[in-house]
Structure formats: structure tokens, C-alpha cells
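**Q** The structure is given below, and queries will be raised subsequently.
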Amino acid sequence: MLSHLGRPDGKPDPRLSLRPIAQALSDRLDIAVRFAADCVGATAEEAVAQLRDGDVLLLENVRFHPEEERNDPDFSQRLAQLGDYYVNDAFATAHRAHASTEGVAHLLPSAAGFLMEAELSALSRLVHNPAKPYVCAIGGAKIKDKIGVLERLSELVDAFCIGGGMANTLLAAAGVDVGRSLRDTDLEPARHIAAVLKDRKVALQLPVDAIVAPSLDAENDAHVVPINAVGEEMILDIGPESAAEYARTIERARTIVFNGPMGVYERPAYRAGTAAIGEAIARATAAGAVSVVGGGDAAAAAHLLGFAQRSTFVSTGGGATLEYLEGKSLPGVVALERP
């Protein structure tokens, strides 16, 4: 088994060793998972040579070698010589052309793992003939980080329900004073995407009220205001009227993608908006809609607030999910598709 952990910048770092993962795997698989202190070279080769039928071996963090992220052909070959077949089950890193995610696939008979298969099957339903109405509930910090996925999905969806810093930026671009709220400094991308949605006749739903506070830590002072009365405070969640409006839109949908929380869901005072969206997604799913939760923060929010298990699928991908939805080719997937 090959994997990585963290960003050790091509150097061994004991804090990012996979050794504890071997023990966790042992507990899950109910067998003793062996561990090799390197992923290539004599240490790895000797550990592989000692394997018997039914044994499992985890190799050390591939990112301890700078050649991994460079997708170095020689490093890929050294990894490939340790096995007879290659199975990629790491969808979350499929957008990166690294040695262990792309290079090795060209050197051995290759296949997608079950998680990779499930991810591609679920996400494909969002971009290939999705059932209508199609709604995207999307949040996150910055418009510029999601401009690609907004543009691509605008060709498919009927409505966007937007929260978080993205909503603040779109509101500011429309002339609303959002006080000291998190937003992009450059408003041109927001103006651009608003114009695209208008041209494509896609509904753009923005908050009409908000949960505000003097600061993130001032949870006891959180209160609801109309969106044009933020003053000098900070928007930290969509308000109840906005949440109810978004929920009505979502409950009518047949395809739903949730790609970011509506506010600072980690704090109890600012999670009601995201929770309301989650409940609407759960109700729509129970009524037959296809719902996909995609993105790291979206998945974390769905698990914390209890609607992950009531959605059709929760993607493990962050950047990979976004790039797939943008219509980009994922190198780790393309490498598996060759004849």
C-alpha cells in the first residue's frame, strides 16, 4: 500500500510518518499490517520480498521523496517494481499528476478502486444529464477560488443558493454594505459571475438577512439583521429568512450539490443556516432527489450537523471534486482510462 500524509516538502518528517496508520489499518482489517520505513530502495524491496499470501504491507510516506510530487519517471519505476498491479483508490489526489497517483499507472496493469469508482459515478450524475430542477448550494471564503466551478455549473443548474464569504462578495459587488465581513477585495470576478448567471437565466439567491456579531468570538452578541443593516459588524451566517428561502428552493430540486457552508458552522452561534440547508437536502433526498456533498468544508459540515448520512453521496475530494465539476481532466483518472 502506498500513500502520503501532509506536506513534508520532499524530506522525511517523523511527525508525518505513516507508521501510526499501519496500526490503525491493523485494527480495521483485524490482521497485523506490516510497515516499511521507506517506500523505495532496499528497505521497501526487502519488506515486499517477505510478503506471503494474505499479508498487507504499508510503505512509508511517498512525499518523503521530492521525486514523488515531480512525477519523476525513475521514481515511478522504483515504486512500480514493488508490485504486479496498480489500484488507485485516492480520488482526493486524482487531480495531481504525482508518481504514486499518475506515473505508476502507466507502468503496471491498472484499475480504479471501489471508492474511486463510487466518486466518479456520483459526480458524473451532477454533470451528465442531471435531473431538473438542479440546485447548487455553495459557500466558502472566496469567489475567485470557485469561479471555474460556478461558470461550469451555470451551464447546468437552475439556481444557486450562496452563503459564506462568497455571498458577502456578491452582495458587495451589488452595492450592499457588508461591514467588516469576510469578502474578496477584488469585486470584478463577482460582477462577472453575476452577469454570466443573468445572461444564462440562472437564479442567483443571495441572503436577505444575516447573523452578525462584532467579531467572530462574540457569539453571545450574535443577532439577526436585514442584509442592508449590517453596519460595522460581521456577517457570520445567513439569517433565518434566507435559510427558509433557500430551503424552499432546495426541496423542489431533483439534483442538488452542496459545496460549502453558509457560515462559520464550527461555532454553534453561526451554524443554523448551514443546518437548515442540510435538513432541506435531507428532505429532498428522502423524496427522491440525488444529492452530493462535495468539498472538504462541505463534508465536514455535513458530518458535524448530521446530514451526511442522509445525502446520496459525500465526496472525499476537495480540489479533485472542484476540478471534476469544472470539467477538467484529472490526471489520476485519465491514467486509468487508457486501453
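**Q** Can you tell me the dipole magnitude for the chain around its Cα centre, using point charges on the Cβ only (Lys, Arg +1; Asp, Glu -1), in Debye to the nearest 20?
**A** 840
**Q** For each of M262, M234, count neighbouring Cβ atoms within 10 Å of the residue's Cβ, then give the residues from fewest to most.
**A** Numbers: M262 36, M234 22.
With the sparsest Cβ surroundings first, the list reads M234, M262.
**Q** Follow-up. For the stretch 128-319, give the share of DSSP beta bridges that are antiparallel, in percent and rounded to the nearest 5; count only bridges with both residues there.
**A** 30
**Q** Ignoring the sites themselves, what is the longest stretch of the chain with no trypsin sites (Lys or Arg not before Pro) in a DSSP loop and at most 12 other beta-carbon atoms within 10 Å?
**A** 53-199
**Q** When you take every Cα atom in the stretch 194-339, what is the radius of gyration, and what is Dmax, the widest Cα pair distance, in Å?
**A** 17.1, 61
**Q** Additional query: Using alpha carbons only, how many degrees (0 to 90, rounded to 10) separate the axis of helix 240-251 from the longest principal axis of the chain?
**A** 60
**Q** Set the bar at 30 Å for Cα to Cα. Now go through K11/K142; K11/K144; K198/K328 and name every pair that lies beyond it.
**A** Flagged as over cut-off: K11/K142; K11/K144.
**Q** Let me spell out the model: positive unit charges on the Cβ of Lys and Arg, negative unit charges on the Cβ of Asp and Glu, origin at the Cα centre of the stretch 128-319. What dipole size does that give, in debye rounded to 20?
**A** Dipole about the Cα centre, nearest 20: 820 debye.
**Q** Report, to the nearest 10°, how far helix 188-199 tilts away from the longest principal axis of the Cα atoms in the chain, using its own Cα long axis and a range of 0 to 90°.
**A** 70
**Q** Looking only at P14, P207, P240, which one moves most when the chain is put into a Gaussian network model with springs between Cα atoms under 10 Å?
**A** P14
**Q** Relative to the first principal axis of the alpha-carbon coordinates of the chain, what is the inclination of helix 272-286, with its axis defined by its Cα atoms, in degrees from 0 to 90 and to the nearest 10?
**A** Relative to the chain, helix 272-286 is tipped by roughly 70 degrees.
**Q** Modelled label-to-label distance, S26 and D72, 7 Å Cα→beta-carbon offset: nm?
**A** Placing both labels 7 Å beyond Cα along the Cβ direction yields 3.1 nm.
**Q** Another question, then. Which value at 222 nm does the chain reach when only helices count, each DSSP H run of 4 or more adding -39,500 (n - 2.57), with the total divided by all residues and rounded to the nearest 500 deg cm²/dmol? Write down the numbers at each step before the final one.
**A** Values: 13 runs with 126 residues, N = 339.
Estimated from H runs of four or more residues: -11000 deg cm²/dmol.
**Q** Going from the alpha-carbon gyration tensor of the chain, what semi-axes, largest first and in whole Å, does one get by taking the root of 5 times each eigenvalue?
**A** Working through the eigenvalues yields semi-axes of 42, 21, 19 Å.
Bear in mind these aren't lab numbers, they're just calculated from the coordinates by the rules spelled out. Computed from a prediction, not measured in an experiment: that's the story for all the values here. Counting neighbours? That spans all protein chains shown, and the Cβs are built from the backbone with ideal geometry, glycine included.
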